[in-house]
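To start, the structure under review is shown below, and the notes come after it.
Read-outs: derived from the displayed coordinates by stated rules, not from any lab. Keep in mind it's a predicted model, so treat the numbers as computed, not measured. Cβ placement follows ideal geometry from the backbone for every residue including glycine, while neighbour counts extend to all protein chains displayed.
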Amino acid sequence: MKALSEKVSGIASSATLDIADRAKAMVRQGIDVISLSIGEPDFDTPTHIREACCDSLRRGDTHYAPSRGIPELLQAITGKIQAENGFACSTEQVIATAGAKHAIAMAMEACLNPGDEVILLDPAWVSYEPCVQLAGGRVVHHRMSEKTFLPDDRLLDRITGKTKMIVVNSPSNPTGAVFDRKALKLIADICTDYELLAMSDEIYEKLIYGKEHISIASIGDMAGKTITINGFSKAYAMTGWRLGYAVAPVEIIRQMTKIQQHGVTHPTTFVMWGGVAAISGDQACVGMMKKEFESRRMFLMDEFSEMKVQAAPADGAFYAFINARGDDVDVAEFWLNKARVAVTPGSAFNAPGWIRISYATAMPRIREAMARIRSVWNEAPDRKR
Ligand code: PMP
Ligand code: GLU
């Protein structure tokens, strides 16, 4: 249609959200679908966080707030970054956003000029590429090894005169890989040598099983070249609140603030008070949820190892990423129709042949889903045994 923007027509819709919507529609029709598709914690937001938001509403916090966010939240984020992520930042380097996704989109818009290249380390989360495209940039794909799912020296081959940024996502959605210091140092060195920016999406930092989280901004002088993205959706089960943030050099935050002012103005005022309570309050809730994710992860990993199915590391986040041994889209479609289990095809992450299984669902449902998958495993179309 002539009236539409070519830029927007040219981007893909979000496969993670599309599949989740489809599974929800089937459930509404009375079909017993188990959704292991979307990455959304099944827990409710902890009570003290909800109370902080209600208190804010009761106080009458129903007005506009400063466009980068309420000072109390910016202060809490600054303190958290210094205490947990190992680099210094001032409150001027922080912007609160309506979800981490919007922080990513605004950071791309703030940094990219037409034709600038952004390197994605595939398999990469679904929304990075559209965010780059909407900002006028071009994605360059670097495929990581299917053994480690970490970047190696071949990354250097992707650098051109137009490269502007490398996107890092550790722990990774969809593979669960946690980048070690060597992998991060490699990226940091490339950013330094070629004067590139790093965007580091650390939204799963609190969900790591037996490894350590390292923020790339804490390496060398990377704080001056990194946009660190984080949010509340995963660690505090706050997906519907739409609250995230970015920490970056002041000049980038200034540009992002203009975009925010002319777009959503700021994240919802009373929601931000929930964010303050999340960061400043008791962290026991995070540990409790992590423990539950960990036992689900162990169950799934044991299942796949028994079935001799190749799986990515799953050291963090809440995804199992497995080799579909066939066309991933066909296999996912088959599982949905035949086994009534919704999963996300790896193609959504530029990893055809793989399947992402979210274990952010209660254990009894995961057990049932695995029983269903096992019952159709050998029947799936195109199956290369
Ligand atoms: N980054 C990654 C890797 C994610 O999986 C998600 C999932 N929603 C986001 C960013 C965005 O999170 P939100 O917008 O809910 O804060
Ligand atoms: N990030 C989650 C996922 O990958 C939630 C959906 C989305 O925002 O993409 O499933």
Filter the GluC sites (Glu not before Pro) in region 1-86 to those in DSSP coil with at most 12 other Cβ atoms within 10 Å of their Cβ, and list the result. none
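What shape does region 338-385 take by its C-alpha gyration tensor, where a ≥ b ≥ c are the square roots of the eigenvalues and a/c under 1.5 counts as rounded, a/b above b/c as prolate, and the rest as oblate? Working shown, then result.
Working: a/c = 2.70, a/b = 1.21, b/c = 2.24.
In terms of gyration-tensor shape, oblate.
Once you order the gyration tensor axes a ≥ b ≥ c over the Cα atoms, which shape class does region 29-78 get: rounded for a/c under 1.5, otherwise prolate or oblate by comparing a/b with b/c?
Details: a/c = 2.69, a/b = 2.16, b/c = 1.25.
It comes out prolate by the Cα gyration axes.
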Dividing the mean separation of Cα pairs under 8 Å (6+ apart) by the residue count of region 253-385 yields a relative contact order in percent of 21 percent
Counting other Cβ atoms within 10 Å, keep those with at most 15, restrict to DSSP loop, and tell me which GluC sites (Glu not before Pro) in region 103-151 are left. 146
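Taking 51 Å as R0, compute the FRET efficiency from the Cβ-Cβ separation of residue 145 and residue 72 and round it to 0.05.
Values: r = 44 Å, r/R0 = 0.86.
So the FRET efficiency works out to roughly 0.70.
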Do you know the relative contact order of region 1-119, to the nearest whole percent, from alpha carbon pairs under 8 angstrom that are 6+ apart? 14 percent
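Give a quick list of trypsin sites (Lys or Arg not before Pro) in region 147-250 that DSSP marks as loop, anything other than H, G, I, E or B, with at most 15 other Cβ atoms within 10 Å.
147, 162, 211
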Relative contact order as a percentage, the chain, C-alpha pairs under 8 Å and 6+ apart, gives 24 percent
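Among DSSP beta bridges lying fully in the chain, give the percent that are antiparallel, nearest 5.
Working: 17 of 38 bridges.
DSSP beta bridges in the chain are roughly 45 percent antiparallel.
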A student applying the Cα gyration tensor rule (rounded when a/c is under 1.5; otherwise prolate if a/b is larger than b/c, oblate if not) would label region 1-58 oblate
Estimated [θ] at 222 nm from DSSP helical runs (n ≥ 4, -39500 (n - 2.57)) normalised by residues in the chain, nearest 500: -11500 deg cm²/dmol
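What number comes out for the charge environment of residue 19, summing +1 per Lys or Arg and -1 per Asp or Glu over other residues with Cβ under 13 Å away?
Values: positive: 22, 24, 356; negative: 18, 21, 40, 328, 333.
Once all neighbours under 13 Å are counted, the net charge is -2.
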